[in-house]
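Structure first, then comments.
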Amino acid sequence: MIENEIPIFLASASPRRKKLLKQIGLKFKSFSVDLNEEFSDGEHPVKTVTRLASDKLSLAKEKVKDGIVITADTIVVLNGKILGKPANKEDAVRMLKMLSGKTHFVYTGFAVFNSINAKLVLSHRRTAVTFRKLTDKEIVDYVAGGSPLDKAGSYGIQDDYGAVFVKEIKGCYYNVVGLPLSDVYQAILEVLS
């Protein structure tokens, strides 16, 4: 357990990230940062997620003068193409049809910054996820429920129907949810030392 006197802030509106940090007993406050998440053609996924986490940190630092700030960004990559959050229900259906029966990669970039000692950890995690072949009805029913509309790649592996799409994962499960917990935990310890 992390016990410290320095306040911790999660700069994310994601309820999944909040739940993950609560799961490990971390006491923190959260707020969102408004960043237009742009993806550049040809940019490597690692560069994309670490750039976005870093950009979010720059915005978050304006709100936090003393404390530890955590930012993160998650993307789904299929055949070298980044799939962000869907624009609408039709886009979500399109993405899920693309992912059906294939293996894709989930990348999460994260930044952990201690404003008191200026220590920073900027890193990432990659996890391979294989979907089973999905029926059109499964996809349409899932999208109709609205759950995939705020998720990269149009699905959630945790606590909803999207979990039954996943045949296999190789790597960190929590990374697919949106925050590689073990890595972030170790990064917090590192910036505290």
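The values are calculated or read from the model by the stated rules, or taken from the named source; none is laboratory data. Note that the structure is a prediction, hence the values are computed from the model and not measured. When we count neighbours, we look across all protein chains shown, and the Cβ atoms used for this are built from the backbone with ideal geometry, even at glycine.
So the values come out like this:
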{"read-out": "All positions within segment 141-182 that are aliphatic (A, V, I, L, M) and surrounded by 15 or more Cβ atoms within 10 Å (Cβ to Cβ)", "value": "143, 149, 152, 157, 166, 169, 176, 177, 179, 181"}
{"read-out": "Strands (runs of 3 or more DSSP E) contained entirely in segment 1-116, each with at least 2 residues that are surrounded by 15 or more Cβ atoms within 10 Å (Cβ to Cβ) and touching a residue at least 12 places away in the same chain (Cβ under 8 Å)", "value": "8-11, 68-78, 81-83, 103-114"}
{"read-out": "Answer residue from segment 117-133, given it is without any contact (Cβ under 8 Å) to a residue 60 or more places away in the chain and surrounded by fewer than 18 Cβ atoms within 10 Å (Cβ to Cβ) and is nearest to residue 69 (Cα to Cα) among those", "value": "118"}
{"read-out": "Subset tally (residues that are touching a strand residue (DSSP E or B) at 6+ places or on another chain (Cβ under 8 Å) and of a type in the set (Gly, Ala, Ser)) for segment 149-192", "value": "6"}
{"read-out": "Qualifying residue in segment 123-145 (condition: among the small types (Gly, Ala, Ser) and at pLDDT below 95)", "value": "yes"}
